[in-house]
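What follows is a short report on a single structure.
Where a number appears in this text, it was derived from the coordinates with a stated rule and is not lab data. The model shown is predicted, which means the values in this text are computed figures rather than measured ones. When we count neighbours, we look across all protein chains shown, and the Cβ atoms used for this are built from the backbone with ideal geometry, even at glycine.
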Amino acid sequence: MDGVQKRNPGQPEFHQAVHEVAGTILPYIAEKPIYHKMQILERMTEPDRVVSFRVCWEDDEGNIRVNRGWRVQFNNAIGPYKGGCRFHPSVNESVLKFLGFEQQFKNSLTGLPMGGGKGGANFNPKGKSENEVMRFCQSFMTELCRHIGPNTDVPAGDIGVGAREIGYMFGQYKRLTNKFEGILTGKGLEFGGSLIRTEATGYGAVYFLQSMLEQTGGALDGARVCISGSGNVATYAAEKCLHLGAKVLTLSDSGGYIHDPDGIDGEKLEWVKALKNVRRGRISEYVAEYPGAEFHEGRPWSVPCDYAIPCATQNEIDVDDAKLLVKNGCKGISEGANMPTVVEGINVFQDAGILYGPSKAANAGGVAVSGMEMSQNSARISWSEDELQKLLLETMQGIHDNCYSYGEGKGKDGGCDYLLGANVAGFVKVADAMLAYGVQ
Ligand code: NDP
């Protein structure tokens, strides 16, 4: 950790992600001297490369605007770099390095041949016109296209990058290179996208929770669930909870959260999706449409629930939130967002002996279906929805079982330590591939 902090000053999110992994991996490495001798973990904390570039675009008033874009190519030991792009004003190198670092373990857990990467820009799509978003995306891809390729690096969406942005970026790549190839996932169905990619991360996080519950005899049917966020991951996590008979009490955005004691049913959820994806509105507008609900500033973790699924952003559950969740009877967490719980918060969950599904395992459904989109693009075929739904469920169960095999009996009172399980299971495959390549 000293070396990581010295080499990467001022990058707290990256330090946090490495700390969380190293804390669980080091005892495992201690028993396997070859990993230590070959400095595998140390090498994994250094990205293959970080590309940063200027993104210039013109706003609707004719002003020239300048943002910074990045692509962090972390590790391609087991396949082409793969990981989303985030457009948000908080994006910086630290955030993208934490996400890229996590991504190498997550992608390994899926069992598919994908390395880890991440990218994005400090661009805020909120309040921008359609044309401004289009011009930004085109300018971003004009530089990014030099660094990606179907066998090199295949980005996707993340916060602030959805179907609209992927469409603009794919179009620009095609125009610049005169090639129609699978260089992005999350594409529209008309141009090489895969069915269920949109749903995959949210559905997957709920499948992971369901698999953990199967081990402990719990069930989602009739359970109360708190969800944060109201974007892609949150709305589809809510949808799958409803399919499985749970009552969804909350959703949020950066302005605050809504608490609907009657539950956010299917019709209300469709209204939220239209609010967010079509009208690009705020979650606070929900209470005017559904007066039985309340809007509050802050995060939803004070609402008593049986299970919590954070689906907004990093560090959105601090140590006090974690204590509150436990005190109010929460029995399990499945992380849809990346690194949503601070390290001390994870300790609270683990000390309380409640189920804790870490993001690199619980939210891997999205990248798993992205991997399936890559396969379909390479073979120039489209798989059916039934086939993909089955593959997603099986993949999430497989990830659960893989984590379980390493974490079984290592948690409080002999329960499973899913954090340990996910970190070790994700690490081993990448580490063994790196060993095979020698020193590089
Ligand atoms: P979206 O942009 O679709 O939605 C993000 C949601 O989180 C919005 O409701 C947004 O509110 C809220 N949010 C973002 N930043 C903050 C903040 N600082 N404080 C409070 N709320 C915030 O993104 P996704 O749903 O795609 O991503 C959500 C999380 O899931 C991220 O951590 C992402 O890395 C992770 N993830 C996403 C995958 C995917 O397939 N999309 C795959 C794996 C992980 P507002 O509109 O106000 O900004």
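Brief remarks follow.
- Unpartnered cysteines - no second Cys beta carbon under 4.7 Å - across the chain: Cys56, Cys85, Cys137, Cys145, Cys241, Cys311, Cys330, Cys403, Cys416
- Charge context of Gly117, other residues only, Cβ under 15 angstrom, K/R +1, D/E -1: +3
- For the range 198-357, the alpha-carbon radius of gyration amounts to 0.94 times the rule-of-thumb value 2.2 N^0.38 Å expected for a compact globular protein.
- Using just its DSSP H runs of length 4 or more, each adding -39500 (n - 2.57), the chain gives a mean residue ellipticity at 222 nm of -15000 deg cm²/dmol after division by all residues.
- Ordered by the count of other Cβ atoms within 10 Å of each Cβ, fewest first, His400, His19 give His19, His400.
- Normalised by 2.2 N^0.38 Å, where N is the number of residues, the C-alpha radius of gyration of the range 214-255 stands at 1.23.
- Under the membrane-span-like helix rule (DSSP H runs whose alpha carbons stretch at least 27 Å along the helix axis, mean Kyte-Doolittle hydropathy 1.0 or higher), the chain yields 418-437.
- Eigen-decomposition of the gyration tensor built on the alpha-carbon atoms of the chain gives equivalent ellipsoid semi-axes of 30, 29, 21 angstrom, largest listed first.
- Ordering 182-188, 402-408, 350-356, 227-233 by mean Cβ neighbour count within 10 Å, with the highest value first, yields 227-233, 182-188, 402-408, 350-356.
- Prolate/oblate/rounded call for the range 2-181, Cα gyration tensor, a/c under 1.5 rounded: prolate
- At R0 = 22 Å, FRET efficiency that the Cβ-Cβ distance of Lys6 and Ser52 yields, to 0.05: 0.60
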